[in-house]
Amino acid sequence: MGAKDTRRNRGTLAHRARYALGHPRRVPAHARRALRDAWLRLRHRDHIAYYRAVMASDAARSAEAAVGHNPSREQWARIGRMQFDYLVRHGLRPHHRMLEIGCGNLRAGRLFIDHLQPGHYYGIDISPHILLAAQDTLVREGLQAKLPHLTLADDLTLAFLPDGHFDVVHAHSVFSHSPRHVIEECFAHVGRVLAPGGFFDFTFDRTEGEEHQVLREDFYYRTETLVELAAGYGLSARFMDDWEELPHRQSKIRLTAMSDRARTVGP
Ligand SMILES: C[S@@+](CC[C@H](N)C(=O)[O-])C[C@H]1O[C@@H](n2cnc3c(N)ncnc32)[C@H](O)[C@@H]1O
């Protein structure tokens, strides 16, 4: 298992003071985020509206920076490639149908789109600004003929998508920015759109200590919390140990429908 820092509570005043002392040059940027958080909290009580406003503000500076903490293009491309290589190693084939929740500006999506048959990629995001940046990525990469679907979403009920359609559902760095009720809404509905034998992979910021959040932007969960939440909606969870070996600070869980398991191991 990789050496992730999973014990620290980044939300406490003590941690923030220690961090500020250790990284004085990052203090102005954090102070700006804290001010923005206070202002946007006042304007938006609903989390989706709040986070959409965060993305609008980030994307105004740089779409690459908005979908990743490190704004360099090499880093953007590297994290996209890591997601893609991992799923291909886990059996993503061109005929599969894929839903990417929180597709961002297609950091990994551009590789999925290229790999999949035309029309087999469906990306959703809550941010219109980011979806416009996603279109720019399509043009830059010459992927128009692959006819991917890119759709604005307001919640994770997935109500506009068909039953049993997607072999793979993927959400990278989305639940790390989501409060529990948003994740729960996704778990309550994702099983309906999964094809028989399909799976849903998501990353999350893992803590082995107390669950916490930093501003309303970053959320840290215990693995057991998410596993139990998923079980309540008929989804069985597997912690992806081989993802831990990769240089990424989040962890990954794979959900499958419990009814699939009954089909394969039952009489
Ligand atoms: C850190 S970015 C990651 C984007 C992409 N998954 C990637 O790896 O490049 C998080 C993205 O998720 C979107 N997002 C956040 N909460 C969401 C939600 N509840 N439903 C759909 N998209 C969401 C944001 O707008 C943003 O584009």
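Filtering segment 72-93 to residues that are assigned to a loop (DSSP other than H, G, I, E, B) and buried (at least 17 other Cβ atoms within 10 Å of the Cβ) leaves only Leu92.
Buried (at least 21 other Cβ atoms within 10 Å of the Cβ) and either polar (S, T, N, Q) or in contact with a Phe, Trp or Tyr (Cβ under 9 Å, 6 or more places away or on another chain) (or both), is that true of Ile126? In short, yes. Taking segment 39-54 as the range and being open to solvent by 50 Å² or more (accessible area, probe 1.4 Å), assigned to a helix (DSSP H, G or I) and away from the ligand (no atom under 11 Å from the Cβ) as the test, the residues that pass are Trp39, Arg41, Leu42, Arg43.
Within segment 163-170, can one find any residue that is near the ligand (Cβ under 10 Å from one of its atoms) and either in a strand (DSSP E or B) or touching a residue at least 40 places away in the same chain (Cβ under 8 Å) (or both)? Yes, segment 163-170 contains at least one residue that is near the ligand (Cβ under 10 Å from one of its atoms) and either in a strand (DSSP E or B) or touching a residue at least 40 places away in the same chain (Cβ under 8 Å) (or both). Kindly check whether there is at least one residue in segment 94-105 that is part of a helix (DSSP H, G or I), more than 10 Å from the ligand (Cβ to nearest atom) and without any contact (Cβ under 8 Å) to a residue 40 or more places away in the chain. Checked segment 94-105: no residue is part of a helix (DSSP H, G or I), more than 10 Å from the ligand (Cβ to nearest atom) and without any contact (Cβ under 8 Å) to a residue 40 or more places away in the chain.
Looking at Val88, Val67 in this structure, which one is within 13 Å of the ligand (Cβ to nearest atom) and among the β-branched types (Val, Ile, Thr)?
Working: Val88 fails: within 13 Å of the ligand (Cβ to nearest atom).
Step by step, each of Val88, Val67 is checked, and only Val67 is within 13 Å of the ligand (Cβ to nearest atom) and among the β-branched types (Val, Ile, Thr).
Reported count of residues in segment 189-218, each being buried (at least 18 other Cβ atoms within 10 Å of the Cβ), more than 12 Å from the ligand (Cβ to nearest atom) and in a helix (DSSP H, G or I), is 2.
The values are calculated or read from the model by the stated rules, or taken from the named source; none is laboratory data. It should be emphasised that the depicted structure is a prediction, and the values quoted were computed from it without experimental measurement. Neighbour counts are summed over all protein chains in view; Cβ atoms, including those assigned to glycine, are modelled from backbone coordinates with ideal geometry. Quick note on the areas: whole protein, heavy atoms, side chains included, nothing else; ligands and nucleic acids left out. Shrake-Rupley method; radii C 1.70, N 1.55, O 1.52, S 1.80 Å.
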